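Here, each number is a calculation from the coordinates, and none is a lab measurement. Predicted, not measured: the structure shown is a model, and the values here were computed from it. Cβ placement follows ideal geometry from the backbone for every residue including glycine, while neighbour counts extend to all protein chains displayed.
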């Protein structure tokens, strides 16, 4: 499996064109919002122009981004048999060594037109032990990381059981450590509660110790045994 990350923001010109074709009902909103660069004011009286990407806080930002890169996703689907999954600019693809290389090459070719530039040092290939050397050889001209134990991805991990155990233990230890603080500060308490909930939804294979930590936190206890 290849986990991809990008370095740059959305190409607004291409995005507005794609949205106008794919979803005309929100095209007027998108064009009125992103046709001109936004003025960002800096302390001291200076300003810079925000000319790419979407605006943080825009309720339609995720939808606009998804629509704008749909042609890219479709082209990748046609080009290879890789099973791909996208969450904003975080993409992942699963398949054979040959198909993943093909998928990656097509993305590198088509991506820049959409403002999608691959950041190799932030990309990870999670390979089966028997395929590790094969992946390293095929991707030796890139800086993409090849590993077998696992990697964090979108709030959880894709990994071996051993790596998952290590990741969960570290998470739980951190939550337990800050319990005394969260028991006194309600905003931090809610943050921890949410963090645990998100983790449990994404890591069903190992929830015992995390659930113990969550129950301990919710009750406001200052120590936890699990």
| task | Provide, as a two-decimal number, the C-alpha radius of gyration of segment 1-147 over 2.2 N^0.38 Å, N being how many residues it has. | result | 1.20
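With the cut-off at 17 Å, report for segment 16-57 the share of all Cα pairs above it, as a whole percent. Write out the running numbers ahead of the final one.
On the way: 357 of 861 pairs.
For segment 16-57, the share of Cα pairs beyond 17 Å comes to 41 percent.
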| query | Stokes-Einstein at 25 °C, 0.890 mPa s, Kirkwood radius from Cα pairs: D for segment 1-72 in µm² s⁻¹? | reply | 184
| query | With each label point set 7 Å from Cα along the Cα-Cβ vector, what nm distance links residue 81 and residue 99? | reply | 0.5
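Residue 46 to residue 174: FRET efficiency via 1/(1 + (r/R0)^6), r the Cβ-Cβ distance, R0 45 Å, to the nearest 0.05?
0.70
Based on the Kirkwood radius over alpha-carbon pairs, what value in µm²/s does the Stokes-Einstein equation return for the translational diffusion coefficient of segment 113-152 at 37 °C and 0.692 mPa s? Mind showing how you got there, number by number?
Values: Rh = 11.0 Å.
D, rounded to a whole number, is 299 µm²/s.
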| request: Once you have the Cα-Cα distance between residue 35 and residue 133, take 0.36 nm times their residue separation minus that, and quote the gain in nm to one decimal. | output: 30.6 nm
| request: Treating the Cα atoms of segment 36-90 as identical point scatterers in vacuum, please give the log10 of the normalised Debye intensity I(q)/I(0) at q = 0.30 Å⁻¹, two decimals. | output: -1.19
| task | Compute the distance in nm between two label points, each set 7 Å from the Cα along the Cα-to-Cβ direction, one at residue 166 and one at residue 25. | result | 4.8
